[in-house]
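A.B. asks: Have a look at this one before I ask anything.
Each reported figure results from applying straightforward, stated rules to the coordinates on display, with no laboratory input. Since the structure is predicted, the reported quantities are computational estimates derived from the model, not experimental observations. Virtual Cβ from ideal backbone geometry, glycine too; neighbours counted across all protein chains shown.
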Amino acid sequence: MATDALTAAADELYALVPEEFTAARNARAKDVKVDDRALSQRIGEFRKPSPAAWILNQLVREQPDAVDELLDLGADLRDAQAAGDGRTLTTVGAERRQLIAGLLRQATHIADAADRSPSRAVLDEVEQTLIAATVDEAAGEALRTGRLTRGLQAVGFEAVDLDGAVAGEASAARPRKPRAAKPSTASGAAKKAGKTKKGDEADERAEADAAAEREAAARAVREQADADVEDAKGRLDAAEKALAEAEDLLKAAEWNADELRDERHELETRLKALRSEIVDAERDERDAERVRNKAEVAVDRAKDDVDAAETAREKLN
């Protein structure tokens, strides 16, 4: 199967707004089906991007340099983590937060321009994906494809789960500018070592510096962990508030439903009573009608008796 054709199709489809995605995907799969059924099937399996994934895909297309700068910071961050360089971790961590804040502003602008204002939850997912892209090189390359189907989540410095996260070939990322070379840390260390005095005092100072570096690295990791905890707590608070609001709405709906059920029961009881009253009234009406009929018969007979008595009286006269 032509992986280039698959990736090209994915590049086109994931540049679209989500509302246009499904119809365009189906049409593309249908167009290639005659010539390549396997390619058609793979295209048909493309998943519609989540709101956060759509924003990230557009962000990569519209702000490629800023995204590459963030990924370069990620490489520095991973190097500092591996070397236990606390000062660099602190510095790069601050730069990362600043750059991500700028990218989030750009993400909001992109979504607003497309009349798709993002919710706080969507922006949180965008932010978590940008962080994950700096923690794991593979996650960074996944972001750079511009073909994400969902957001990414990092847990510490562990590998990010990319299963089903990228449409097309995940290895076919967009071309990027070469990274500017940075001063060699080994050369810098050699120069410093050349200037260091020999002797026990220098060794002690070096050991103290190394210990300080290790402490700074540990502190930076703890600070990052604290920040992750606070961020998680913030999302937990928001989720709990949303849950409390939902529970309040549920209770109100249940109360209203109970009230309506009670009212319906009262109306049904009243209707039953009215039906019984109607039956009784109709029975009384029939009884009264029978009494009236009997009375009418009695009146007619009495009239006949009167007429007979008057006739007999006249004969006597």
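A.B. asks: Hey, could you get me the Stokes-Einstein D for segment 51-118, Kirkwood radius over alpha-carbon pairs, 10 °C and 1.306 mPa s, rounded to whole µm² s⁻¹? Walk me through the numbers before you get to the answer.
C.D. replies: Details: Rh = 12.9 Å.
After rounding, the answer is 123 µm²/s.
A.B. asks: Then there's this: Please work out how much length the chain gains when fully extended from Asp35 to Glu285, using 0.36 nm per residue of separation minus the C-alpha to C-alpha distance, in nm with one decimal.
C.D. replies: Working: separation 250, 0.36 × 250 = 90.00 nm, distance 8.73 nm.
Additional length available on full extension: 81.3 nm.
A.B. asks: Can you list the aspartates and glutamates whose alpha carbon sits under 14 Å from that of Lys233, skipping same-chain ones fewer than 8 residues off?
C.D. replies: Lys233 reaches Asp124.
A.B. asks: Right, next: Using the charge dipole of segment 5-126 (Lys, Arg: +1 at Cβ; Asp, Glu: -1 at Cβ; taken about the Cα centre), state which of Ala15, Ala94, Leu104 has its Cα farthest towards the positive end.
C.D. replies: With unit charges placed on the Cβ atoms, the residue in question is Ala15.
A.B. asks: Report, by chain and number, residues whose modeled amide H sits under 5 Å from the one on Ala154, excluding near sequence neighbours (fewer than 5 apart, same chain).
C.D. replies: Long-range HN contacts for Ala154: Ala132.
A.B. asks: Now, a different point. In whole Hz, what ³J(HN,Hα) sequence does segment 125-133 give by Karplus (6.51, -1.76, 1.60; θ = phi - 60°), x for Gly and Pro?
C.D. replies: 5, 4, 4, 4, 5, 4, 5, 4, 5
A.B. asks: Taking 0.36 nm per residue of separation and subtracting the Cα-Cα distance, what length does fully extending Arg120 through Phe157 add? Each step should come with its number before you reach the end.
C.D. replies: Numbers: separation 37, 0.36 × 37 = 13.32 nm, distance 2.49 nm.
Length difference between fully extended and current span is 10.8 nm.
A.B. asks: From the backbone phi of segment 71-85, what are the Karplus-calculated ³J(HN,Hα) couplings (6.51 cos²θ - 1.76 cosθ + 1.60, θ = phi - 60°) in whole Hz, Gly and Pro given as x?
C.D. replies: Working through the residues one at a time gives 5, 5, 4, x, 4, 4, 5, 5, 5, 5, 5, 5, 8, x, 8 Hz.
A.B. asks: Using the Cα atoms of segment 1-64, I'd like the radius of gyration and the largest Cα-Cα distance, Dmax, both in angstrom.
C.D. replies: Rg, Dmax (Cα atoms, Å): 12.1, 37.
A.B. asks: Between Arg261 and Asp300, how many nm apart are label points set 7 Å from Cα along the C-beta direction?
C.D. replies: 6.0
A.B. asks: Would you calculate the convex hull of the Cα atoms in segment 246-309 and tell me its volume per residue in Å³?
C.D. replies: On the way: hull volume 2.8 nm³, N = 64.
In segment 246-309, the Cα convex hull volume per residue is 45 Å³.
A.B. asks: Rounded if a/c is under 1.5, else prolate if a/b is larger than b/c, else oblate: which is segment 1-126, with a ≥ b ≥ c the root eigenvalues of its Cα gyration tensor?
C.D. replies: Working: a/c = 3.42, a/b = 1.79, b/c = 1.91.
It is oblate, given that a/c is not under 1.5 and a/b is not larger than b/c.
A.B. asks: Using a/c under 1.5 as the rounded threshold, could you call segment 118-158 rounded, prolate or oblate? The axes a ≥ b ≥ c are square roots of the C-alpha gyration tensor eigenvalues, and prolate needs a/b larger than b/c, oblate otherwise. Don't skip to the end; give the middle numbers.
C.D. replies: Numbers: a/c = 2.60, a/b = 1.29, b/c = 2.01.
Oblate.
A.B. asks: Could you go through segment 146-163 in sequence order and give the Karplus-derived ³J(HN,Hα) for each residue, using 6.51 cos²θ - 1.76 cosθ + 1.60 with θ = phi - 60°, rounded to whole Hz, and x for Gly and Pro?
C.D. replies: Along segment 146-163, the couplings run x, 10, 5, 9, 8, x, 10, 9, 9, 10, x, 10, 6, 4, 7, 5, 10, 4 Hz.
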